[in-house]
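Scroll down for the structure; my scribbles are underneath it.
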C-alpha cells in the first residue's frame, strides 16, 4: 500500500557552491593541497572541485524525476528564521553567518566555505527539517525526506566545520521540542563521519537521545569515542558506535538491532530523526554498504516509528559524494518510505564492523537503560 512521503527540496540550495582556494588564508590552502596530494595522488590541484557540490542534489532529483515513486509529494521548505536557528546555535555565531551573505570565503581549514548563495541555502536546509516536522505534526503525512545542502551534523553551536554551516538536524530537533511539544526526540546518525556538532549541541540534554554509528577515530572528525556518553543530566543520552573502515550492511543492521532499537524502546521517543548520510556506500571508497543496506535501515526505522511514535520519521540528507551511490541509495530509501518493502540485503561474508558493534553493545549495556530509566521510561 502506498504511503505518502513528503520530500523537501528547493533549487536555491544549489546556490551554495564553494570552490577554489582562499587567498586570505594561504596556510590553509597549502594544508588542504597537501592533504589532497597525500590522499589522492595525481589529482590536479589547480582544478580541484569541492566534494560538497550542487550536482549532489541535482543527481538525486533527476533520478527521482526519471524514475518517479508513487506516494512522493514534493514540498518547498520555508527558510529557517534567525530565532529558530538560535534554538540550536549561539546568537553571535548566527549573526556571523548571516553577515557573510553574498561573500566567498573559507570558515575552516577543512574546506568549510561559503559562496554568495550559501547563507540563503543554509537557511533553507535548516528550514526543511522544521517544515517537515510541522507538516507531520499537522497530520499531512508521517514520513519525510529532506534533500538539503549544505549538510549539518558537523556544525557546532558556535562554529562551522565539515562542510556544515547550520546543524540542520539539531535545529529541527530543537524546534520539535520547543515549539511542537515533542518531549523526547531520538536521533540516529548513520553517516560514516561522526556527527560531532550534533553531539556537542545535545551533550547535556536528556530530552534528545543520539545514537551515532561512524568510522572510528582518527577518521574525520576524530571524535565519537565510546566513553563520550553525555554530561550532567544528559549522561547516557549520547550513544556512540565507532566502526572500522570497510564496515558493511551487516554491521549497520546489527547497530539497529542491538543498539538503536533497544535504546528507542527504553527511551520511548515522540519522533525519530535520521542524519542520513550515504557515504558508507562502497562507491565512496571507505565503507562497504550498498543501496540494499540503506533500504533495510530505512524500513527498520519506519517500522520502529510506526511502533513507538505514530509513524513520525524525518530523514535529512548529510554526506554521500559519489553521484551513482547517492542516487541509488536515496531512491531505494524513498521507495521503502513510500510503502515498498524489501526482504533482503547484500552482506559481506565477514563484515569487519560486526565485532565493533558487539564491543559497543557490551560497553553501553550499563549506561543506556539506567539513563532512560532515570527519565522515567523503564
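Residues are listed down the side, and each one gets a yes or a no for (1) touching a helix residue (DSSP H, G or I) at 6+ places or on another chain (Cβ under 8 Å); (2) modelled with pLDDT under 75; (3) over 29 Å from residue 291 (Cβ atoms):
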residue	(1), (2), (3)
26	no, no, yes
40	no, yes, no
48	yes, yes, no
53	no, no, no
59	yes, no, no
64	yes, no, no
72	yes, no, no
Open item on the list: List pairs: first residue in region 60-73 and over 19 Å from residue 339 (Cα atoms), second residue surrounded by fewer than 17 Cβ atoms within 10 Å (Cβ to Cβ) and modelled with pLDDT of 95 or more anywhere in the structure, Cβ distance under 9 angstrom, at least six positions apart or on different chains.
Closed with: 61/11
- [ ] Would you mind stating whether residue 79 is in a loop (DSSP other than H, G, I, E, B) and without any contact (Cβ under 8 Å) to a residue 60 or more places away in the chain?
- [x] yes
- [ ] With the condition kept exactly as written, say whether any residue in region 144-155 is touching a strand residue (DSSP E or B) at 6+ places or on another chain (Cβ under 8 Å), farther than 18 Å from residue 189 by Cα, modelled with pLDDT of 95 or more and not in a helix (DSSP H, G or I).
- [x] no
TODO: Might you check whether a residue that is over 15 Å from residue 270 (Cα atoms) and surrounded by 24 or more Cβ atoms within 10 Å (Cβ to Cβ) occurs anywhere in region 173-183?
DONE: no
Task: Residues that are over 24 Å from residue 22 (Cα atoms) and touching a strand residue (DSSP E or B) at 6+ places or on another chain (Cβ under 6 Å), drawn from region 87-130 - done: 128, 129
Task: Residue under evaluation residue 62, criteria (1) in a loop (DSSP other than H, G, I, E, B); (2) within 26 Å of residue 325 (Cα to Cα), criterion not met - done: (1)
Open item on the list: Out of the residues in region 243-252 meeting the condition of being in contact with a strand residue (DSSP E or B) (Cβ under 8 Å, 6 or more places away or on another chain) and over 16 Å from residue 212 (Cβ atoms), tell me which one is surrounded by the fewest Cβ atoms within 10 Å (Cβ to Cβ).
Closed with: 245
Open item on the list: For region 222-242: of the residues being in a loop (DSSP other than H, G, I, E, B) and over 21 Å from the mean Cα position of the chain (by Cα), which is surrounded by the fewest Cβ atoms within 10 Å (Cβ to Cβ)?
Closed with: 227
Open item on the list: Could you check region 176-204 and list, in sequence order, the residues that are under 29 Å from residue 109 (Cβ atoms) and assigned to a loop (DSSP other than H, G, I, E, B)?
Closed with: 190, 191, 192, 193, 194, 195, 203, 204
- [ ] Taking only region 86-128 into account, find how many residues are assigned to a loop (DSSP other than H, G, I, E, B), at negative phi, in contact with a helix residue (DSSP H, G or I) (Cβ under 6 Å, 6 or more places away or on another chain) and in contact (Cβ under 8 Å) with a residue 60 or more places away in the chain.
- [x] 4
- [ ] Give the residues of region 60-93 that are crowded, with 16+ Cβ neighbours inside 10 Å and under 16 Å from residue 333 (Cβ atoms), sorted by residue number.
- [x] 60, 61, 63, 64, 69, 71, 72
TODO: Within region 235-253, identify whether any single residue is in contact (Cβ under 8 Å) with a residue 24 or more places away in the chain, farther than 24 Å from residue 300 by Cα and in contact with a helix residue (DSSP H, G or I) (Cβ under 9 Å, 6 or more places away or on another chain), and answer yes or no.
DONE: yes
Open item on the list: Of everything in region 41-59, what is over 19 Å from residue 109 (Cα atoms) and not in a loop (DSSP other than H, G, I, E, B)? Give them in sequence order.
Closed with: 55, 56, 57, 58, 59
Task: Residues satisfying the stated conditions in region 347-378, i.e. assigned to a helix (DSSP H, G or I) and modelled with pLDDT under 85 - done: 368, 369, 370, 371, 372, 373, 374
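The values are calculated or read from the model by the stated rules, or taken from the named source; none is laboratory data. Every value quoted in this text rests on a predicted model; they were computed, and no experiment measured them. Methodologically, a virtual Cβ is constructed for each residue, glycine included, from the backbone with ideal geometry; neighbour enumeration extends over all protein chains shown.
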